[in-house]
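Working notes, structure below.
The values are calculated or read from the model by the stated rules, or taken from the named source; none is laboratory data. What you see is a predicted model; the values in this text were computed from it and never measured. Virtual Cβ from ideal backbone geometry, glycine too; neighbours counted across all protein chains shown. Surface areas here come from the heavy atoms of the whole protein model, side chains and all, with no ligands, DNA or RNA. Shrake-Rupley method; radii C 1.70, N 1.55, O 1.52, S 1.80 Å.
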Amino acid sequence: MEERATWFADVILPLAVPNLYTYRIPYDWNDLVKPGQRVVVQFGKNKLYMALIKHLHQTPPKDYQAKYIQDVLDAVPIVNEMQLNFWDWIAAYYVCTPGEVMNAALPGGLRFSSETKIIRNEEFALDEVEQDFFTDKEWKLVIALDVKKEMTIDEAAEALGIKTVHPIIQALLAKGFAQVKEEIKDSYKPRTESFVKIPATVSEADLQQAMNDLEKKAFKQLQLLMGYMSLSNWHTGNAIDVKKSKLLAHTGCTAQTLDQLVKKGIMEVYVKEVSRLPSSDKALESANDLADFQQVAYDTIQEQLKEKEVILLHGVTSSGKTEIYMKLMEQVIAKGKQVLYLLPEIALTAQLVQRLKKRWGDNVGVYHSKYSDNERVEVWNTLANPKDKTYSIIVGTRSSLYLPFSNLGLLIIDEEHDSSYKQQDPAPRYHARDSAIYLAHVHKAKVILGSATPSIESYYNALQGKYGLVELATRYGGIEMPEIDVRDVSEEKRKKLMKSLFSPFLLTNIEEALNKKEQVILFQNRRGFAPFIECNVCAHVPQCINCDVSLTYHKKADLLRCHYCGYSTSLPKICPACGSPGMHVKGFGTEKVEEELAIFFPQARIARMDLDSTRAKNSHSKIISQFEDREVDVLVGTQMVTKGLDFDNVSVVGVLNADSGLHFPDFRSPEKSYQLMAQVSGRAGRKNKRGKVIIQTNSPDHPIIHQVVMNDYIGMYKEQIEERKKFSYPPFTRLIEITLSQKNQDDLDAVSPDLAIEFKKRFGEERVLGPEYPIVSKVNNYFLKTILLKVEKEKYSQKVKALVMEALNEFYHKGKEYSRTRIKIDVDPQ
C-alpha cells in the first residue's frame, strides 16, 4: 500500500501573536486544503479559533507537537495569493502582527467566533448530593442545565436573570456538575427567498387539462397560474424566476391558494439564495465628452503612465476630475481589468455611486462600514469566487483595499490628502493611500491620486519625479473660483456687532442667498452644542471621569459627553465644585449653529451633517440627497461637508471659526487648516455665477488665511516644505509614534524612559524624542506617554520593524511593571 504524505499548514490566527502556527492536516484532507481557506484549530488548552491557511508544506515544527486541524470551513479559498502578499507588507511596514491584519481585512461575517457552551456532566448524579451542596442561584442554573443539557453563556445569564454569571458557572465547573466546550459560530447567513415554477414533469397537455378543470372548480387557482405565466414569460419557452411574494401580490391570491396548486403537482415552491445588495435595471448612459482642458489633462496622464506607476492629478475644486477618472476607468474595464475607487468618507459614496451606476449599472460594487456584515460578505464572495456575476468597479472607503481582487488594473484615490484614509485604532494603523500604492505594485496596476489640495508628501514626490504630475487649473463649465471674504471676529466683537455666532456680513449673505432660492453651507469643525460648560463663579469645567478632557455638551440629548471614551452624564443644575447655579456653555459646535441659525431664519430648512446625525445606516446619503434635491436650504456640518461633494445651487459657504486648527501644536496643522478651508470653499459657485466664501477668524493676518484667500497652494507648499526640512519632518523622515499607557501614573513615569533608552541604543540619540505626555494625557483611565522616532527615508526598511520589536522585547523583560505597560505603535501618524 502506498504511504500517504504528511502535510502541515502554517496558519494565521486571529490573535496578536507575532508568528504563524503550524498544524497537521489529516491524511483524508490532503487534497482538500489550499492556502486561503479558513480552518478550525485548537490553540491553547481548549479554545477553538477560526484560522487562515497561509502555507502548506511537509516540515513538522521543531519546538512543539503539531495539533491536527479540526475542520475546513471553505470548499474554495476566500483569500488569494496577492492578498496574502499585501498582508505581509502591511504587517511589516506598520509594525503589527499577521493576525491583526487578518482581523482588519476579513469582514465580520467571515471571522467565525468561538462560542463557549456549558454542558451538563452526565456522570454527575444529582440525587446523590446533599440539599445544601448548591446555592440557590447555582441550583436554578442546575435545573435549567439538567433540562437543556447545554447552554451558551448568554442563555445561562438569561435563565438566572443576571448579567454577571461567570462566578456561578465557575462554581458548577468546580463542583463537577458542568463542563465547558467550545464551538465555532458562523455569523454569516445567506439571504434566501421562495420562488415558484411549473415543474418540468408537467407537460403542456397536463397543464391544459389542469386549466380546464380549474376554470370550472377553482377560479382563484387558475388566476394564480395565469399570473405566474404572465410574470415569468412562460410562453416564450425561457421562463424567468418569479418570487412567491411577487406572484401573490400581483394576483391578490393567498398562500393557501398556492398550496392547493402545489398539492396538485401543478406548481412547485423552491428556495434559493438571493443578494442583499441593491440592483438596477435602468438603461445605461454613454460617456460625456471631456472639455478641452480635461482632454489635455487626460492625454497627459496617458503619456505619463507609460513611465510612471503613480500620477498625482492636482486639480482645483470643481475642475471635473471625476469625468477624467471615468474615462480612465473605461479604458481599463475594456481590457477586462478591475478598478478600485477609494474615497475618504462614506458620505461621498452616494453621489459617486449614482454617477457610476448610470454608466456601468450593476458592474459597480460598494464596500464600506455602513454596509451590514452580511452585505460585505456578499461583496467579498462575489469578488473571491465569481459565478453569475462579478464587479468591474469597487467604490469604497479604506477597508476595501483588503477585498479579494484578482485582476486590478487601476486604483483611484480621490481626495488623497484626507486624514480619514489613516486608520487610528485598532492595529494595523495603515494609511490607505500609501497601502494602495503597494497594492497596485502587487497587481502591476496604475494609481491616480487626485486632490485640489494635495498632501505635502504627495506633491513633494511628484516634484521629485517619483510620481507623475498633471495640473488642472480651470473649473468645469466656466465657473469662477469663489470670492473669499475674511471677517475679523475679534474686531466685530470689540465693536459689539456680532449677532450670536455670526458676523452681520455673513447673515446678510445668507439672507440674500435664501431669498434667491440658493443654498448655503456652514462649516464648524466641532460637533455637539458646546465644547464645554463652565461655572461663572469659580470657572470649574466638568471633566470626564476616565479621561483628561472636558465634557462636550449635547443639547438634543441633554447630556455631557466625552468624545474619547463615550462616558456621558446629565447636565449639572449647580456647579459641582462651589455649588453656584451659574453653569454656562462656552464655545459652539454644529448643534448650536443649527439652533441659532433657526432663530435668525425661522423659515429656512436646516440640516446638520456630523458624526451624531449620521450614525444610522444610509443617513449620509439621505441628508445629501435632500440637499441635492433642494429640500434643505442650509447644511451645517463638520469636515464631512468639506469633502468632494458636488452641489450646483450653493452660492454661499461660511467658515464659522477658522482658528480651531490654525494654532494646534502639530507640524501638520497649517497644511490641514489650508486643506479644510480650501476644500469647503470649493463647494461654493454656480454656473454663470461666482460663489462667495466668508471666513470668520480672530487671526485675519495669518499666512494660511492669506494663502486660502489667494488660492495659493504653491505658496503654502513652499513655506511648509522649508519648515519640515529644517526640523526633519516628513517627507524628509518617516515618523513612528510609540504610545505607552499604564493605569498607575508613577509606574508609567518610571518605566517610559527605559524604552526611550532602548530605542536610542538602536536608532541613535538624535532620532528619538520623548517620552512626553501628549495633549490628552489620560484616556479611559490609562495615563499616556509618547516617544517619537524620526528615521530618514533611505534608512526606513524592513530592518526598522526588527529593531523596534527587539527594543520592545528587551523592555518587556525588565520586570513586572514593564510587562504591565500597554504599547501602541503608529507608523506615519497623522
In order through segment 365-371: 3J(HN,Hα) via Karplus (6.51 cos²θ - 1.76 cosθ + 1.60), integer Hz, x for Gly, Pro: x, 10, 8, 7, 6, 7, 6
Per-residue SASA entry for Ser245, accessible area with 1.4 Å probe, Å² rounded to 10: 70 Å²
Where Tyr460, Tyr298, Tyr27, Tyr421 fall by accessible area, highest first, once all protein chains stay in place (1.4 Å): Tyr27, Tyr460, Tyr298, Tyr421
Relative compactness, segment 38-171, computed as alpha-carbon Rg over 2.2 N^0.38 Å: 1.49
His55 - accessible surface, heavy atoms, 1.4 Å probe, Å² rounded to 10: 80 Å²
Cα-derived Rg over Rh, computed across segment 699-830 with Rh taken as Kirkwood radius: 1.08
Exposure ranking of Thr251, Thr300 by accessible area [1.4 Å probe, largest first]: Thr300, Thr251
Sites Thr116 and Ser245 - FRET efficiency at Förster radius 30 Å, r taken between beta-carbons, to 0.05: 0.20
Contour minus Cα-Cα distance for Leu769 and Asp659 (0.36 nm per residue): 36.8 nm
5 Å binning of all Cα-Cα separations within segment 412-455, expressed as whole percents from 0 upward: 6, 23, 27, 22, 17, 5, 0
Computed Rg/Rh of segment 416-542, alpha carbon atoms with Kirkwood Rh: 1.11
Per-selection Kirkwood Rh - segment 488-527 (Cα, Å, 1 d.p.): 11.4 Å
Accessible surface, 1.4 Å probe, highest first, among residues Ser568, Ser681: Ser568, Ser681
Contour excess over end-to-end distance, with Cα ends at Ala802 and Val776 and 0.36 nm allotted per residue: 6.4 nm
Cα radius of gyration and Dmax for segment 701-777 (Å): 18.0, 51
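Enter the mean projected area of the convex hull around the alpha-carbon atoms of segment 346-406, in nm², rounded to one decimal.
Working: hull surface 16.3 nm².
Average of the hull's projected areas for segment 346-406 equals 4.1 nm².
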Under 5 Å, built H, 5+ apart or other chain: amide partners of Ser728: none
When each of Lys45/Lys181; Lys496/Lys692; Lys321/Lys622; Lys499/Lys555; Lys801/Lys824; Lys335/Lys389 is checked by Cα-Cα distance, pairs over 19 Å: Lys496/Lys692; Lys321/Lys622; Lys499/Lys555
Whole-number Å³ per residue for the convex hull built on Cα positions in segment 509-654: 121 Å³
Approximate shape of segment 743-783 as ellipsoid semi-axes (Cα gyration tensor, √5λ), whole Å, largest first: 23, 12, 6
3J(HN,Hα) from dihedral phi, segment 480-495, Karplus parametrisation 6.51/-1.76/1.60, rounded to Hz, x for glycine, proline: 6, 4, x, 7, 10, 10, 9, 10, 7, 5, 5, 5, 5, 5, 4, 8
The chain: translational diffusion in µm²/s, Stokes-Einstein, Kirkwood Rh over Cα pairs, 20 °C, 1.002 mPa s: 68 µm²/s
Under Karplus coefficients 6.51, -1.76 and 1.60, residue-wise ³J(HN,Hα) of segment 466-476 in Hz, glycine/proline x: 5, 10, x, 9, 10, 10, 10, 9, 10, 7, 5
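Convert 20 °C to kelvin, take the viscosity as 1.002 mPa s, use the Kirkwood radius over C-alpha pairs of segment 654-769 as Rh, and evaluate the Stokes-Einstein diffusion coefficient in µm²/s, rounded to a whole number.
123 µm²/s
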Along each principal axis, Cα extent of segment 443-490, largest first, Å: 52, 32, 19
DSSP beta bridges in the chain [antiparallel fraction, %, rounded to 5]: 60 percent
Coarse-grained scattering of segment 122-246 at q = 0.11, 0.20, 0.21 Å⁻¹, given as base-10 log I(q)/I(0) from a Debye sum over alpha-carbon atoms: -0.59, -1.14, -1.20
Net charge over other residues, Cβ less than 13 angstrom from the Cβ of Leu506 (K, R count +1; D, E count -1): -3
Alpha-carbon centroid distance for the pair segment 459-488 / segment 506-543, whole angstrom: 29 Å
Full-extension gain in nm, Ser568 to Lys149, via 0.36 nm per residue minus C-alpha separation: 146.7 nm
Interchain or long-range residues, amide H under 5 Å from Val180's placed H: Ile119
Per-residue [θ]222 nm for the chain (sum of -39500 (n - 2.57) over DSSP H runs n ≥ 4, rounded to 500): -10000 deg cm²/dmol
Glu303 paired with Ser406, simple spin-label distance in nm, labels 7 Å along Cα-to-beta-carbon: 3.8 nm
Cα pair distances exceeding 11 angstrom across segment 19-61, given as percent: 69 percent
Amide N of segment 481-519 lying under 18 Å from the label point, which is placed 7 angstrom from the Cα of Arg630 along Cα→Cβ: 510-519
Separation between Cα centres of segment 353-432 and segment 797-830, rounded to whole Å: 32 Å
Asp71 long-range amide H proximity, modeled H, under 5 Å: Val40
Contact order relative to length of the chain, as percent, for alpha carbon pairs under 8 angstrom and 6 or more apart: 10 percent
